[in-house]
Amino acid sequence: MKRKILFIGFVLVMTSTLQLKAQYDKTDSTYKRWFVGSSLFVLLGNLDTKNPPNFAQLNLGYRITGKDVITLEPKTWKYAWPNGIHPFLNKAYGKSEEKFPGYVREYGLSVAYQRFLWKGLYTELNVMPTLQTFLNDKGKKIDNGFQIFNTYRVGYHIKLFKDRFYIQPSIAITHRAYHTKLPDGFKQLDDKWSKFVFGEPGFHFGFNF
């Protein structure tokens with residue numbers, strides 16, 4: 001229920017921002033080109049008592065032009081349910097019968113490209129190779145793996161406090177484009193679910209400098 005409330009609140013934020021200030025003009029050379037930030041779910045996700053992700057993420061970005069942005073995002077997290085289960089909309093998420101016999105710890109580095117289309121509206125391609133460590137319920141290492149995890153995002157950039165800060169609510173499709181073979185017990189559960197998740201919310205924030 002808490003996840004559904006958070007998701008509904010996120011959608012309301014998205015729909016309320018359509019009249020806000022435009023993104024940087026491509027002919028304007030005075031805007032701040034660099035920014036640093038993270039994701040709101042670093043804060044909210046780590047409060048989860050059933051499947052705490054121990055999530056950490058840092059975004060370092062550069063505005064090539066007013067409409068073209070590139071970002072590097074080192075991050076790490078862990079999870080005990082298949083990535084193909086929508087964490088907000090699918091009741092199977094969190095069910096004991098879908099839980100891995102342990103968990104996966106991942107370390108990734110995303111490269112993201114944003115293209116602004118109209119005012120603050122943007123699309124984003126995010127490609128993230130990750131190193132995986134599979135552990136059992138006692139925390140003992142079982143195996144290693146590798147994954148390429150893509151995110152296709154649509155969002156809105158909102159300037160705050162005279163452009164010192166920003167927030168970016170968004171909706172995404174996530175795609176496990178490639179991964180090595182999962183160990184027994186993990187693979188059987190993971191194979192039941194799609195490589196795509198549709199409608200996953202995002203909420204980035206940051207500081208411009």
With point charges of +1 on the Cβ of Lys and Arg and -1 on the Cβ of Asp and Glu, referenced to the Cα centre of the chain, which listed residue (101, 44, 82) lies farthest in the positive direction of the dipole?
44
Rounded to whole Hz and in sequence order, give me ³J(HN,Hα) for region 191-198 from the Karplus expression 6.51 cos²θ - 1.76 cosθ + 1.60, θ = phi - 60°, writing x for Gly and Pro.
5, 6, 10, 5, 7, 10, 10, 9
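From the mean inverse distance of alpha carbon pairs (Kirkwood) and the Cα radius of gyration, derive Rg over Rh for the chain. Present the calculation step by step, with values, prior to reporting the outcome.
Details: Rg = 18.0 Å, Rh = 18.1 Å.
Using only Cα positions, Rg/Rh for the chain is 0.99.
What number, in percent, do you get for the relative contact order of the chain if the mean sequence gap of Cα pairs under 8 Å and at least 6 apart is divided by its residue count?
Values: 475 pairs, mean separation 43.7, N = 209.
That works out to 21 percent.
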Estimated 222 nm signal from helices in the chain, with DSSP H stretches of n ≥ 4 weighted -39500 (n - 2.57), rounded to 500
-3500 deg cm²/dmol
How tilted is helix 2-15 with respect to the longest principal axis of the chain? Cα atoms for both, answer in degrees (0 to 90, nearest 10).
20 degrees
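Taking trypsin sites (Lys or Arg not before Pro) that fall in a DSSP loop and have at most 13 other Cβ atoms within 10 Å as cut points, what is the longest piece of the chain between them?
Working: sites that count: 21, 26, 32, 50, 91, 95, 138, 140, 162, 164, 181, 192.
Segment 96-137 is the longest.
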Just flag the chymotrypsin sites (Phe, Trp or Tyr not before Pro) in region 26-122 sitting in loop per DSSP whose Cβ has no more than 15 other Cβ atoms within 10 Å.
31
Distance from the Cα centre of region 29-58 to that of region 78-120, in angstrom?
14 Å
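Taken together, the values in this text are just the output of simple stated rules run on the coordinates, not laboratory data. Please read these numbers as outputs of a predicted model, since none were measured by experiment. When we count neighbours, we look across all protein chains shown, and the Cβ atoms used for this are built from the backbone with ideal geometry, even at glycine.
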